[in-house]
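Peer 1: Handing you this structure, nothing more for now.
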């Protein structure tokens, strides 16, 4: 490591980011490249990682383990990217099954993808059964009895899953 990230009276937030970037950018790109298998994608995610850090400068100025910090942020961004790619692939597949007359415009597709990504973020961290029950209710329009039958649980269990999912979404939407 060439420089210290420890906060001193003359050390500004920009200095800390510069040191962090200069000392660890290449390492982070290599770390991401090994996970992605793509140099360009790794470089993009590394940049996104440092952009994310810019908003957290008081925290980043006193790092003791900068690579652990960088890899944690980059891993979160990587998970978000993979999740979004899977959502987009599922959406494109569903779209391909639609008749051409009902195919949405490119603008509408983007809005729908952004909405799906937002829903996915809201449901992140929710237990599988609660997420499944919520999606069956909201997307498939199933009532609790049908959901209970398909999941092999009682209606009261579905009610608990739904309450948990709704509370989780509420808290997640107000935490952002």
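The values are calculated or read from the model by the stated rules, or taken from the named source; none is laboratory data. Computed from a predicted model, the values in this text were never measured in an experiment. Note: ideal-geometry Cβ built from the backbone for every residue, glycine included; neighbour counts use all protein chains shown.
Peer 1: Being crowded, with 16+ Cβ neighbours inside 10 Å and at negative phi: is that true of residue 24 here?
Peer 2: On the way: crowded, with 16+ Cβ neighbours inside 10 Å: yes; at negative phi: yes.
It is true that residue 24 is crowded, with 16+ Cβ neighbours inside 10 Å and at negative phi.
Peer 1: Can you find a residue in segment 13-30 that is part of a helix (DSSP H, G or I), closer than 29 Å to residue 168 by Cα and at pLDDT 75 or above?
Peer 2: Taking segment 13-30 as the starting set, the residues that turn out to be part of a helix (DSSP H, G or I) are 13-30.
Subset that is closer than 29 Å to residue 168 by Cα: none.
Looking for residues that are part of a helix (DSSP H, G or I), closer than 29 Å to residue 168 by Cα and at pLDDT 75 or above, one finds none in segment 13-30, hence no.
Peer 1: If you go through segment 137-176 one residue at a time, how many are under 22 Å from the mean Cα position of the chain (by Cα) and either within 16 Å of residue 125 (Cβ to Cβ) or buried (at least 17 other Cβ atoms within 10 Å of the Cβ) (or both)? Can you show your working first?
Peer 2: So the first thing to find is which residues in segment 137-176 are under 22 Å from the mean Cα position of the chain (by Cα), and the list is 138-139, 164-176.
Remaining after also requiring either within 16 Å of residue 125 (Cβ to Cβ) or buried (at least 17 other Cβ atoms within 10 Å of the Cβ) (or both): 164-176.
Residues meeting the conditions: 13.
Peer 1: Which condition number in (1) closer than 30 Å to residue 112 by Cβ; (2) at pLDDT below 85 is the one that residue 40 fails?
Peer 2: (2)
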